[in-house]
1. What spacing in nm lies between the two simple spin-label points modelled at ASP309 and SER348, each 7 Å away from Cα in the Cβ direction?
2. Residues with amide H under 5 Å of LEU166's amide H, sequence separation 5 or more or different chain, H placed in the peptide plane at 1.01 Å from N; which?
3. Holding the Cα-Cα limit at 25 Å, pick out from LYS146/LYS203; LYS311/LYS371; LYS146/LYS371 the pairs that are longer than that.
4. For ILE306, list long-range residues whose amide hydrogen, built 1.01 Å from N in the peptide plane, is under 5 Å from its own amide hydrogen.
5. Round to the nearest 0.05 the FRET efficiency obtained for LYS193 and ARG286 when R0 = 45 Å and r is the Cβ-Cβ distance.
6. Taking θ = phi - 60°, what integer Hz values does the Karplus form 6.51 cos²θ - 1.76 cosθ + 1.60 yield along the range 265-274, in sequence order, with x for Gly and Pro?
7. Keeping the other protein chains in place, figure out the carbon and sulfur percent of the accessible area of the range 195-344, with a 1.4 Å probe.
8. Counting other Cβ atoms within 10 Å, keep those with at most 11, restrict to DSSP loop, and tell me which trypsin sites (Lys or Arg not before Pro) in the range 278-312 are left.
Amino acid sequence: MGLSKDLVKRALTTVDGPSGLDLVTGGELQWVAACDGFASIKLNLPDDTDRPAMMQLAAECDRAIRNEAARTKEPVEALRFQFVDHGGNTVFSTGGGPDDPEQGRTESQPAQQAASPPPSPQSQANALPNVTHVIAVGAGKGGVGKSTISVNLAVALARKGHAVGLLDGDIYGPSLPTMLGLDALEQSVIDNKLVPYAVHGLKAITIGKLVEPDKPLIWRGPMAHGAFNQLITRTTWGDLDYLIIDLPPGTGDVPLTMAQSLQLTGAVVVCTPQKVAQDDAVRAARMFQQLGIEVLGVVENMSYFIGDDEKEYDIVGRGGAEMMAQRLGLPFLGAVPINTALRANSDSGEPTRNFDGGTAGGDRLPKSLEKLATNLESQAALAAMRGGSSKPTLTIS
Ligand code: ADP
């Protein structure tokens with residue numbers, strides 16, 4: 001059965017929180033993910049809680065979980081505790097034992113200062129040793145918002161203080177020149193290497209700036225392999241916490257090339273709520289799993305619509321992608337509404353405006369995007385802790 005969400009919750013009912021009630025009843029326990037002896041636990045404490053108090057509580061929780069696991073004879077590999085504020089942002093994280101690269105790390109200390117994560121299963125080669133987490137974003141088919149989610153995830157992670165790169169791996173239909181507003185910029189090359197564009201707090205590279213605009217991009221298998229590999233290896237990325245790769249839609253040569261040449265932390269699958277979209281997304285998730293790439297989670301894009309009256313309208317079957325994720329035993333990273341400003345900001349190449357809250361629904365769009373990034377951070381940390389142990393079954397609340 002292994003270390004499970006229920007076991008962790010049971011253990012935390014024996015630890016008192018600041019409210020005087022136990023951490024589960026008092027509501028401080030926000031989220032648990034557990035698998036293969038690893039568990040990641042999120043706690044929300046009052047804003048004035050200081051670091052020593054958080055460390056002490058983490059130690060008490062650690063003891064309680066290990067005692068409960070010992071009682072039921074479940075092995076424990078590592079436990080990680082994240083303390084989050086009311087917006088879901090991590091303020092402090094600890095746990096995982098003395099070798100945990102994230103031990104005692106705060107949001108102001110980027111991940112690249114920590115040790116590299118253990119290798120992922122799909123590749124022994126690693127073309128990007130200075131990147132902590134390589135995360136691919138895929139979708140079963142085009143038009144579901146894969147590039148939009150890639151861009152906004154990258155911007156949201158950068159806004160949290162991470163060093164983030166964004167690679168337009170959609171070599172058949174690159175969207176990043178438009179979505180990042182690169183049209184007027186020139187690709188710079190130094191010492192035969194591509195220098196990524198420094199825009200919106202990110203480092204970005206796209207094949208769209210290396211080919212003639214408006215010309216169809218037709219690649220045969222080996223050419224696609226070569227084009228993708230060159231974008232990866234001939235770009236001066238420097239040290240990154242996250243590299244987000246926007247893949248072409250569907251299944252094909254590029255994911256295969258990627259799996260062969262990179263150690264990925266995992267992949268994100270973007271899906272819209274409709275049943276027909278889910279079927280394609282299931283195929284994409286299966287493709288990643290067949291390549292030995294862990295699926296870190298599913299994003300439901302265009303989940304619902306916020307009207308000018310500020311009400312939420314379910315027009316495409318809200319929750320469909322979340323149910324699909326549950327069915328496949330995959331984490332659900334969150335839902336993003338249909339928002340006309342999001343479309344307009346993509347067309348005008350101004351993704352940071354999606355975070356200013358000045359659109360229909362106020363802060364609901366920025367909140368939904370920030371939540372995606374927070375959940376992805378947790379899933380990436382959990383996957384790196386597992387260090388590529390094969391085919392996990394996650395339980396998540
Ligand atoms: P894909 O990469 O899956 O082909 P895109 O990210 O290019 O899809 O999105 C397709 C179109 O839908 C773009 O015009 C984009 O601006 C728009 N779009 C994507 N997500 C949303 C959303 N949540 N709300 C409004 N428009 C969206």
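The values are calculated or read from the model by the stated rules, or taken from the named source; none is laboratory data. Quick caveat: nothing in here was measured; it's all calculated off a predicted structure. Cβ coordinates were reconstructed from backbone atoms using ideal geometry, including for glycine residues, and neighbour counts include every protein chain displayed. Please note that ligands, DNA and RNA were not included when accessible areas were found on the heavy atoms of the full protein model with its side chains. Shrake-Rupley method; radii C 1.70, N 1.55, O 1.52, S 1.80 Å.
1. Each label point lies 7 Å from its Cα, and together they span 2.8 nm.
2. Long-range HN contacts for LEU166: LYS203, ALA204, ILE205, ILE244.
3. none
4. So ILE306 has HN proximity to TYR313, ILE338.
5. Working from the Cβ atoms, E equals 0.80.
6. 6, x, 10, 10, 10, 9, 8, 9, x, 5
7. So the carbon and sulfur contribution to the accessible surface is 55 percent.
8. Details: sites: ARG283, ARG286, LYS311; in loops: LYS311.
Answer by residue number: LYS311.
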